[in-house]
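Working notes for the structure below.
The values are calculated or read from the model by the stated rules, or taken from the named source; none is laboratory data. Remember, it's a predicted structure, so these values are computed and weren't measured experimentally. Here Cβ is always computed from backbone atoms with ideal geometry, including for glycine, and neighbour counts include all displayed protein chains. Calculation scope for accessible area: heavy atoms of the full protein, side chains included, ligands and nucleic acids excluded. Shrake-Rupley method; radii C 1.70, N 1.55, O 1.52, S 1.80 Å.
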Amino acid sequence: MLPILRRLCLLFLSFLLYKKLIMRCLQLVFLYLFLPGWLFASSNGDTTQLREVQVMDFATKTPFFRVEQQLDSLVTKSYTNLSLTQLLSEHTFVAIKNYGAGSSATISIRGTNASHSRLFWNGISLNSPMLGLFDFSIFPVDATSSVAVLYGGQSPEFGTGAIGGIIKIDDKLQFKSTIKLNYSQQFGSFGLEGNSFSVGIGNKRFQSKTSFTRATSVNNYRYKDYQQFSSPTVELQNAGTLQQGIYQSFAFKINEKRILKLNSWFQYNDRNIAPTLGLRNNVSVQTDRSFRNSLQYEEKINDKLELNVVLGYINDFLLYKSRLKVGDSIAVILSSQSISEVYSFRGNLTYQLSDETSLKFLGEANNERASVYEYRGNKSRNRYSLAGIAGREFGKKAFISASVRKEFNEKASPITGSLNTNFTVFGKNGIDISTSVSTNYALPTLNDLYWRPGGNPDLKAEESTNFDLKLNKSLTIGKVKFYSSFSTYYTIVKNWILWQPSAIYNGNWSPQNLRRVRTSGFESSNEIKLLSKNNSFSFRVNYALTNAINTKSISQSDASNGKQLIYVPKNTGLAQFIYGYKSFQLRYGVNYYGYRFTTSDNSSFLPSYLLNQIVVQKSIRINKYQISADAGVYNLFYKSYQNLPDRIQPGRNFLIHLNLTYN
């Protein structure tokens, strides 16, 4: 055991000493080998539901489990060249806060802030150290082959900050002899065009996948501008977008016990920021460039020990220009440029104590850096953490695991942990029940601490306590399959950070630990599926009730106590019908989004809306070639709606997708 611990410590110390050299070498190799000139030149038939699955992903019989919702791979393929926001909004309980065409989009899980959810890509977190969140509108679905959603506190295994939940994205390669080529083309309303090309080659020892993506959209749809006199119908302006990316993954099977993986991704986005209602002279623009790298090493040391190490490097560049159109000229009001870097190390060692009991030890180190004028200099932060998980299986019908985690940084941080159980009642094919009690916290972002004017270096971490209960039942009667799941949760978050005008900073906005928030609710998913030789039928209904209540007044005149948080819908739901006949498929979906309050006293709100969509798909197999085509109509009944105030979303729109695969 001691030699293994020494090996893990040596890897950890080596990373700390040579992290910059390691990441720079990876960056140079990637730029030299894979980044094409055109990218830099441009910078001027299965069901489609999310299923809850029990994940057992470490040593041979490790009873460490988590219940997550895994998205079918056929679903991700149908969203090629589209953003992750559209995929999540139509297939999960994740609420999307869309700031309009060409603008950013963030997520809210179970009523929490966007910074309370984390996005993991091949083992590394993509959340910005400056804002604490991730802009999902610039994440193309092409960049992944596996999408999973984990709800509730996930402190021990995935670090701190995930009070609401986690979006987990991985690219999974299989070691087999293969040559796979794929080309995809899309055309849609409002000038949408997209194409992607990927090539995968490999054998039983080596796998490689290279992908190129490009998507553009004008977003010039028409809408009624209710902020202008007589509410004229106008065309949306300054909303065009350009997204380009290249993705490279390698996997080396060194021997039967050792695997090395390298994933690198360069993404470029250039977009115009669409104006809000009544402000048609606002023509702001934004450019984003991101370079992301993940190096993973897996080793099965023996029948009882397994080692997993992940090194990460992320470089994000953002240039935002606030502009106004005055006559025929454009005036730049504000220009802001930021650069952030994150170096990360994650290592875990799993030990199979017996057939029923396993232990897992985790270590993590992160160095976060940011450079922006408003910080009045470069800022950085080091974060280190240690964690342990113990799990035990009881007769293959019940599991229990407990965890503890401690982070070390410049701020005082609490010890967090969790207690999880999973068991089956009413026989072998009865009801699966999972329970979880956990504590978590989220550190203030670099903007919260250092932005000038307004940053507050004395902020405390937001702390949460989470309670979760999940029930799952599946049943098969002949050719008919039933699936049902029910989840309920209760979360308390104290020291909730809120930005508001401050007398200390001459009326400028400043963050304070002002609120105490309680979120509670339940989520339900039910599906029936019928399969026969040539026909398939499925019907699925999801519903979520979300109560996100402020329980603490920040002043005597504060009317938000006991009220729902702004922009968090209480009721959301979706229904989807799928019919398949041989290689033909018809999908009809309905998404419901309840009303959202726009003021903290709940005196005004945005109305609820119901969106309908229909998609037909046909695929043909000719020897080694797979040809598929689908056509969809979205917002079928031309519903006029706003996801956020004064940001009208598109009406009825069309999308055609063609795909050719050689395998």
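Name the residues in region 510-523 that are open to solvent by 10 Å² or more (accessible area, probe 1.4 Å), over 21 Å from the mean Cα position of the chain (by Cα) and of a type in the set (A, V, I, L, M, F, W, C), would you?
Of everything in region 510-523, just one residue is open to solvent by 10 Å² or more (accessible area, probe 1.4 Å), over 21 Å from the mean Cα position of the chain (by Cα) and of a type in the set (A, V, I, L, M, F, W, C), namely 514.
Does residue 627 satisfy the criteria of being farther than 28 Å from residue 539 by Cα and open to solvent by 40 Å² or more (accessible area, probe 1.4 Å)? Reasoning before the result, please.
Numbers: farther than 28 Å from residue 539 by Cα: no; open to solvent by 40 Å² or more (accessible area, probe 1.4 Å): yes.
Considered against the rule, which asks whether it is farther than 28 Å from residue 539 by Cα and open to solvent by 40 Å² or more (accessible area, probe 1.4 Å), residue 627 comes out as no.
Would you say residue 532 is modelled with pLDDT under 95 and surrounded by 18 or more Cβ atoms within 10 Å (Cβ to Cβ)?
Judged against the criteria, residue 532 is not a match.
For region 593-642, how many residues meet the condition of being among the hydrophobic types (A, V, I, L, M, F, W, C), under 27 Å from residue 221 (Cα atoms) and not in a loop (DSSP other than H, G, I, E, B)? Talk me through it step by step, then tell me what you get.
Within region 593-642, the first condition is being among the hydrophobic types (A, V, I, L, M, F, W, C), and the residues that meet it are 597, 605-606, 610-611, 614-616, 620, 622, 627, 629, 631, 633, 636-637.
Among the residues that remain, those that are also under 27 Å from residue 221 (Cα atoms) are: 597, 605-606, 610-611, 614-616, 629, 631, 633, 636-637.
Filter again for not in a loop (DSSP other than H, G, I, E, B), leaving 597, 605-606, 610-611, 614-616, 629, 631, 633.
Final tally of qualifying residues: 11.
Within region 343-356, restricting attention to residues that are open to solvent by 30 Å² or more (accessible area, probe 1.4 Å) and part of a strand (DSSP E or B), which residue is farthest from residue 296 (Cα to Cα)?
Here is the first cut: in region 343-356, the residues open to solvent by 30 Å² or more (accessible area, probe 1.4 Å) are 346, 351, 353-356.
Adding the requirement that they be part of a strand (DSSP E or B) leaves 346, 351.
Values: 346: 9, 351: 19 Å.
Result: 351.
So is residue 413 within 26 Å of the chain's Cα centre (by Cα), surrounded by 14 or more Cβ atoms within 10 Å (Cβ to Cβ), farther than 26 Å from residue 134 by Cα and among the small types (Gly, Ala, Ser) or not?
Judged against the criteria, residue 413 is not a match.
Scan the strands (runs of 3 or more DSSP E) fully inside region 197-290 and keep the ones with 2 or more residues being of a type outside the set (Asp, Glu) and open to solvent by 30 Å² or more (accessible area, probe 1.4 Å).
206-217, 222-224, 241-255, 258-272
With the structure loaded, tell me whether residue 137 is in a helix (DSSP H, G or I), of a type in the set (Gly, Ala, Ser) and either at pLDDT below 70 or within 26 Å of residue 285 (Cβ to Cβ) (or both) or whether it fails that test.
Considered against the rule, which asks whether it is in a helix (DSSP H, G or I), of a type in the set (Gly, Ala, Ser) and either at pLDDT below 70 or within 26 Å of residue 285 (Cβ to Cβ) (or both), residue 137 comes out as yes.
If you take the residues of region 249-277 that are of a type outside the set (A, V, I, L, M) and under 30 Å from residue 228 (Cβ atoms), which of them is modelled with the lowest pLDDT? Let's see the steps before the verdict.
Start the filter on region 249-277 by keeping residues that are of a type outside the set (A, V, I, L, M), which leaves 249-250, 252-253, 255-258, 261, 263-272, 275-276.
After this cut, where a residue has to be under 30 Å from residue 228 (Cβ atoms) as well, the list is 270-272, 275-276.
On the way: 270: 94, 271: 92, 272: 92, 275: 87, 276: 84.
So the residue we want is 276.
What number of residues within region 324-342 satisfy the criterion of being open to solvent by 30 Å² or more (accessible area, probe 1.4 Å) and touching a Phe, Trp or Tyr at 6+ places or on another chain (Cβ under 6 Å)?
Number of matching residues: 1.
I need the full set of residues from region 426-453 which are small (Gly, Ala, Ser) and surrounded by 20 or more Cβ atoms within 10 Å (Cβ to Cβ), in order please.
Selection gives 434, 436, 438, 442.
Of these, 542, 526, which one is under 30 Å from residue 618 (Cβ atoms), modelled with pLDDT of 90 or more and open to solvent by 60 Å² or more (accessible area, probe 1.4 Å)?
Residue meeting the stated conditions: 526.
So which residues in region 157-189 are farther than 30 Å from residue 464 by Cα and small (Gly, Ala, Ser), if there are any at all? Before you say what the answer is, go through the steps one by one.
Within region 157-189, the subset farther than 30 Å from residue 464 by Cα is 171-189.
177, 184, 188, 189, listed by residue number.
For every residue, the table says whether it meets (1) open to solvent by less than 50 Å² (accessible area, probe 1.4 Å); (2) at pLDDT 90 or above; (3) among the aliphatic types (A, V, I, L, M).
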site: 577; (1), (2), (3): no, yes, no
site: 581; (1), (2), (3): no, yes, no
site: 584; (1), (2), (3): no, yes, no
site: 590; (1), (2), (3): yes, yes, yes
site: 597; (1), (2), (3): yes, yes, no
site: 607; (1), (2), (3): no, yes, no
site: 610; (1), (2), (3): no, yes, yes
site: 635; (1), (2), (3): yes, yes, no
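Quick test of your reading of the structure: residue 487 fulfils all but one of (1) out of contact with any strand residue (DSSP E or B) (no Cβ under 8 Å at 6 or more places or on another chain); (2) more than 30 Å from residue 508 (Cα to Cα). Name the failing condition by number.
Here residue 487 meets the rest and fails (1).
Consider residue 594 carefully, then state whether it is closer than 16 Å to residue 79 by Cβ and under 28 Å from the mean Cα position of the chain (by Cα).
So residue 594 fails the test.
Looking only at region 368-378, count every residue that is surrounded by fewer than 20 Cβ atoms within 10 Å (Cβ to Cβ) and closer than 24 Å to residue 406 by Cβ and tell me the total.
Qualifying residue count, region 368-378: 1.
Can you tell me which residue is least open to solvent (accessible area, probe 1.4 Å) among those in region 170-187 that are in a loop (DSSP other than H, G, I, E, B) and more than 14 Å from residue 248 (Cα to Cα)?
In this case the residue turns out to be 175.
Those residues that are assigned to a loop (DSSP other than H, G, I, E, B) and not charged (D, E, K, R), I need them from region 103-120; list them, please.
Here is the first cut: in region 103-120, the residues assigned to a loop (DSSP other than H, G, I, E, B) are 103-104, 109-113.
Within region 103-120, 103, 104, 109, 111, 112, 113 qualify.
Please work out which one of (1) outside any strand (DSSP E or B); (2) closer than 29 Å to residue 297 by Cβ is the condition residue 131 fails and give its number.
In the conditions (1) outside any strand (DSSP E or B); (2) closer than 29 Å to residue 297 by Cβ, residue 131 misses (2) alone.
Restricting attention to region 303-323, which residues are open to solvent by 40 Å² or more (accessible area, probe 1.4 Å), part of a strand (DSSP E or B) and under 30 Å from residue 363 (Cα atoms)?
Within region 303-323, just 306 meets the criteria.
This table checks each residue for (1) in contact with a Lys or Arg (Cβ under 9 Å, 6 or more places away or on another chain); (2) closer than 28 Å to residue 394 by Cα; (3) not charged (D, E, K, R).
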residue	(1), (2), (3)
410	yes, no, no
434	yes, yes, yes
443	yes, no, yes
455	no, no, yes
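How many residues are on the phi > 0 side of the Ramachandran plot and either open to solvent by 80 Å² or more (accessible area, probe 1.4 Å) or modelled with pLDDT under 90 (or both) if we restrict to region 468-509?
Selection size over region 468-509: 3.
Conditions: (1) more than 22 Å from residue 201 (Cα to Cα); (2) surrounded by fewer than 19 Cβ atoms within 10 Å (Cβ to Cβ); (3) of a type in the set (A, V, I, L, M). Residue 655 meets all but one. Number of the miss?
Against the list (1) more than 22 Å from residue 201 (Cα to Cα); (2) surrounded by fewer than 19 Cβ atoms within 10 Å (Cβ to Cβ); (3) of a type in the set (A, V, I, L, M), residue 655 comes up short only on (2).
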